[in-house]
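The values are calculated or read from the model by the stated rules, or taken from the named source; none is laboratory data. Predicted model only: the values in this text are computed from it and were never measured. Glycine also receives a Cβ, built like all others from the backbone with ideal geometry; neighbour counts cover every protein chain displayed. Protein only, heavy atoms only, side chains kept; ligands, DNA and RNA dropped before computing areas. Shrake-Rupley method; radii C 1.70, N 1.55, O 1.52, S 1.80 Å.
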2 protein chains.
Amino acid sequence: MSAPIRLGIAGLGTVGIGVVKIIQKHAELLSARCGCEIVISAVSARDRRKNRDADVSGYAWVDDPLELAARDDVDVFVELIGGDHGVAREAVELALKTGKDVVTANKALLAMHGQELAELAEEQGRVIRFEAAVAGGIPVIKTMTESLAGNRISRIMGVMNGTCNYILTRMESAGLPYETVFDEARRLGYLEADPQLDVGGIDAAHKLAILSSIAFGTRVAFDGVEIEGIERISIDDIHRAADMGYRIKLLGVAQMTARGLEQRMSPCLVPADSPLGQLQGGTNMVVIEADSVGQLVLRGAGAGEGPTASAVMSDIVELARKVRVPVFGQPAGSLTRAQPARTAVPAAYYLRLALLDKPGALAKVAAVLGDAGISIHRMRQYDHQGGTAPVLIVTHKTTPEAIDHAIAELPRTGVIAAEPVELRIEEVQS
Amino acid sequence: MSAPIRLGIAGLGTVGIGVVKIIQKHAELLSARCGCEIVISAVSARDRRKNRDADVSGYAWVDDPLELAARDDVDVFVELIGGDHGVAREAVELALKTGKDVVTANKALLAMHGQELAELAEEQGRVIRFEAAVAGGIPVIKTMTESLAGNRISRIMGVMNGTCNYILTRMESAGLPYETVFDEARRLGYLEADPQLDVGGIDAAHKLAILSSIAFGTRVAFDGVEIEGIERISIDDIHRAADMGYRIKLLGVAQMTARGLEQRMSPCLVPADSPLGQLQGGTNMVVIEADSVGQLVLRGAGAGEGPTASAVMSDIVELARKVRVPVFGQPAGSLTRAQPARTAVPAAYYLRLALLDKPGALAKVAAVLGDAGISIHRMRQYDHQGGTAPVLIVTHKTTPEAIDHAIAELPRTGVIAAEPVELRIEEVQS
């Protein structure tokens with residue numbers, strides 16, 4: 001047995017306590033697997049007297065996370081505070097500067113400051129591990145940085161915000177409108193304090209930016225992600241999409257094209273019978289396409305105490321085993337600056353229009369699409385509802401530009417009763 | 001950059017050549033990711049003059065794999081010869097004894113001699129990596145030994161023989177009998193030289209035994225796997241199971257119970273809408289259930305040049321990065337001897353009977369089941385075909401013993417026209 005590895009855990013919320021519980025419960029198992037004991041030297045959290053689900057009285061208590069980060073009896077600083085600036089960032093930097101490795105679940109921090117932190121870690125000869133930052137218990141960081149190291153990755157796709165997937169699948173299964181399910185999710189404690197992080201797609205976009213960096217050897221570029229949340233998805237769209245054999249998911253897609261790096265997090269249609277289409281509730285899924293391995297699909301719990309703590313433990317075990325992998329899979333200095341590119345890869349699109357009850361209305365719409373070079377794959381007109389007729393169109397593959405152009409032109413027909421809804425249909429191998 | 005890592009590759013079949021191609025094609029990418037160059041010092045194969053899909057003229061050629069294993073200019077011996085004894089085993093042992101780490105795709109070798117080899121490796125201070133030995137391109141070894149190191153694994157399930165899954169899904173989609181699809185698979189080169197390895201379930205059982213060892217911290221115990229192949233699966237069963245909402249898969253299941261370690265590889269019914277049920281063709285899937293992470297599902301190509309070479313490269317990169325994980329995830333000496341247990345975990349069962357056209361036939365069958373303590377969940381009797389009536393029964397959860405007992409009693413009713421077919425319905429979260 002080697003010398004014990006000594007942790008300082010900053011943040012004793014759900015995940016922090018989950019980590020403490022695993023270390024207490026599986027001490028023997030962990031020692032056998034790591035070849036050394038994992039010990040907690042000290043912990044820190046906002047409120048010392050809070051009633052917690054694990055006994056932390058055996059560890060030194062430090063009020064200030066910065067003090068914890070600088071302690072001599074800590075080898076690995078475990079940052080579970082959260083937030084992309086303030087004390088989380090300062091503590092991580094201080095830990096690296098005082099010779100600690102860092103394990104974090106902080107996707108915002110890595111998405112906003114990953115490059116600087118990776119450079120700092122390398123200067124100090126330390127590493128930062130962050131398996132828990134993306135897709136909870138799914139080992140996607142290890143898979144991409146290690147298991148697929150012999151591959152050139154061509155595309156990554158993921159459903160990586162469990163709350164959004166819960167809302168969308170619950171809307172479908174219960175036939176409830178967005179607002180009702182949103183309120184329900186809030187009551188159940190599924191939403192972040194700022195719900196925009198979830199339903200606005202920001203949290204998921206943070207995760208996508210991190211995966212892109214590893215996949216394409218580029219500097220994390222969160223500002224290159226086109227982001228659209230799920231707020232405009234109506235129960236109507238969910239039902240209509242289902243009629244056509246699709247499900248709506250908040251889907252992240254990143255791919256390197258000749259024009260640059262496309263990164264988008266937006267509601268998309270996927271075939272209902274594809275692995276992504278079948279994903280229910282809070283489950284997450286990441287689909288990786290690479291030159292040698294082909295398609296790899298990873299599915300598991302994207303949040304919650306156990307799964308997230310499992311991912312944090314994976315990083316701790318890695319460090320206990322003296323495994324040291326570069327932060328984003330290769331030296332920070334070798335990561336290139338990707339040219340951000342707006343989505344240009346063609347796809348089929350779903351359009352929902354509300355047509356006024358006028359003769360020739362459909363013909364006028366068809367003409368606009370035709371003029372934009374868009375050909376129609378399937379179309380359904382439903383019964384009139386209060387003077388307007390819902391019309392669904394699934395196009396053949398076309399460019400986002402053509403769709404934008406057509407959408408801009410449609411009002412001129414004088415037959416459009418409401419803002420058209422347009423959603424990309426992402427091609428997924430089933 | 002550190003000093004290059006030097007490989008000796010023994011075996012230049014599909015996988016060996018796949019590895020050579022990746023190393024040649026992605027030299028720069030690999031150097032950036034590993035922090036050192038990956039070079040091939042020497043190769044060995046049966047026929048030097050064979051026309052190969054990659055240029056190996058730049059590497060030293062060695063006719064004898066043993067000579068290759070002992071070379072001074074080799075750091076990692078890559079064993080892609082195959083077979084659980086003979087030259088593959090001798091070469092691996094020699095490589096370890098002469099100070100090399102070993103990367104292998106040889107599931108039979110590890111299933112039969114994993115413990116001795118792990119002990120030898122540790123004595124020599126070397127490691128053996130074998131990501132490619134189980135489920136091709138799916139990173140299941142790394143996931144279990146590293147990502148889930150903070151978990152106690154409770155059950156693993158897997159569809160891990162692509163050829164069997166191809167045969168079963170092709171039978172269903174084309175409505176063809178087993179024999180026809182078997183011949184087709186043979187013509188397409190999907191079957192091993194000894195087809196029993198595939199359709200007899202042996203290859204998949206090798207893989208299961210390896211996963212069990214990692215999951216439960218036990219010595220590999222291939223002889224503890226209850227094995228049944230897919231030869232007795234008829235197109236009738238496939239159709240009848242589909243009628244009831246199930247698909248038939250050659251499914252491996254390993255779980256630790258109070259009675260000991262249950263390991264079985266056998267055709268089972270799984271819900272058609274579960275991830276396992278939806279698996280088509282040669283794709284593999286591994287489902288891992290563990291205390292913290294919950295359920296984790298990994299899906300990908302289980303065989304083929306690219307996926308298998310991708311897994312071999314993952315091991316090579318690991319060694320190039322100086323990552324050293326114990327062979328089965330913990331020291332070989334700490335692996336316990338598991339008590340092998342026959343399957344006792346209760347499950348629902350599918351029974352297909354051919355009843356003679358006699359009054360009260362069904363009542364007699366129902367009585368036998370009732371006497372064995374088996375209650376019926378669903379039953380369907382189909383039209384008589386040539387004097388016998390096919391009857392399908394899905395039972396409520398019962399024990400394998402009760403089913404065996406009932407099957408043994410059934411002939412005494414005098415109404416059974418043919419050998420009953422009984423298949424376990426494995427419970428899978430969907």
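Here are the numbers for the structure shown:
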quantity	calculated
Solvent-free Debye scattering, log10 I(q)/I(0), computed from the Cα coordinates of region A:156-199 at q = 0.26, 0.34 Å⁻¹	-0.91, -1.28
Protection proxy ranking, peptides A:148-161, A:108-121, A:392-405, average beta carbon neighbours within 10 Å, highest first	A:148-161, A:108-121, A:392-405
Residue-normalised accessible area of the protein assembly as shown, given per residue in Å² at a 1.4 Å probe	37 Å²
Amide proton proximity set for residue A:261, modelled H, under 5 Å, gap of 5+	A:339, A:341
Restricting region B:312-390 to trypsin sites (Lys or Arg not before Pro) in coil, as DSSP defines it, with at most 16 other Cβ within 10 Å	B:322, B:324, B:337, B:342
Residue B:123 versus residue B:322: modelled label distance in nm, points set 7 Å from Cα along the beta carbon direction	2.8 nm
Residue A:385/residue A:194 FRET efficiency (R0 35 Å; Cβ-Cβ; nearest 0.05)	0.50
Against the rule of thumb 2.2 N^0.38 Å, how large the Cα Rg of the protein assembly as shown comes out	0.99
Compactness of region B:140-301 as Cα Rg over 2.2 N^0.38 Å, two decimals	1.03
Long-range HN-HN contacts of residue A:45 with modeled amide H, under 5 Å	A:11, A:62
Which listed pairs, of A:100/B:322; A:21/A:207; A:142/B:397; A:364/A:397, have C-alpha distances above 28 Å, in listed order	A:142/B:397
10 Å binning of all Cα-Cα separations within chain A, expressed as whole percents from 0 upward	5, 21, 28, 23, 13, 7, 3, 1, 0
Total accessible area lost when B and A pair, probe 1.4 Å, Å² to nearest 100	4000 Å²
Coordinate range along principal axes, alpha carbons of region B:5-104, Å, largest first	36, 32, 21
Antiparallel bridges, percent of DSSP beta bridges restricted to the protein assembly as shown (to nearest 5)	65 percent
Two-site FRET efficiency, residue B:235 against residue A:173, from Cβ-Cβ distance with R₀ of 35 Å, rounded to 0.05	0.50
Solvent-accessible surface (1.4 angstrom probe) belonging to residue B:85, in square angstrom, nearest 10	130 Å²
Overall dimensions of region A:138-179 by Cα: Rg and Dmax, Å	16.0, 46
Partner chain coverage, peptide B:285-298 - average Cβ within 10 angstrom	6
Centre separation in Å (Cα based) which lies between region B:383-399 and region A:51-98	63 Å
Residues in region A:23-52 occluded by at least 40 Å² - accessible area, probe radius 1.4 Å, against chain by itself	A:26, A:29, A:32, A:33
Long-range HN-HN contacts of residue A:376 with modeled amide H, under 5 Å	A:396
Cα-based helix-to-principal-axis angle, B:400-409 vs chain B, degrees rounded to 10	50 degrees
Other protein chain Cβ atoms within 10 Å, averaged over every residue that makes up B:310-317	6
Helix-derived mean residue ellipticity, 222 nm - over chain B, DSSP H n ≥ 4, -39500 (n - 2.57), to 500	-10000 deg cm²/dmol
Relative frequency of Cα-Cα separations exceeding 19 Å in region B:149-226, percent	46 percent
Surface share of carbon and sulfur [accessible, 1.4 angstrom probe, percent] for region A:26-162	44 percent
Peptide-level mean, for B:139-147, of C-beta atoms on other protein chains within 10 Å	6
Residue-wise HN-Hα coupling along region A:294-310, computed from phi with Karplus coefficients 6.51, -1.76, 1.60 (Hz; x: Gly, Pro)	x, 9, 10, 10, 10, 9, x, 6, x, 7, x, 4, x, x, 5, 5, 4
Label point distance in nm, residue A:73-residue B:429, each placed 7 Å from Cα along Cα→Cβ	3.8 nm
Calculated from backbone phi, Karplus (6.51, -1.76, 1.60) coupling profile of region B:96-110 in Hz, x at Gly/Pro	4, 5, 9, x, 9, 7, 10, 10, 9, 10, 8, 5, 5, 4, 6
Label point distance in nm, residue A:53-residue A:180, each placed 7 Å from Cα along Cα→Cβ	3.0 nm
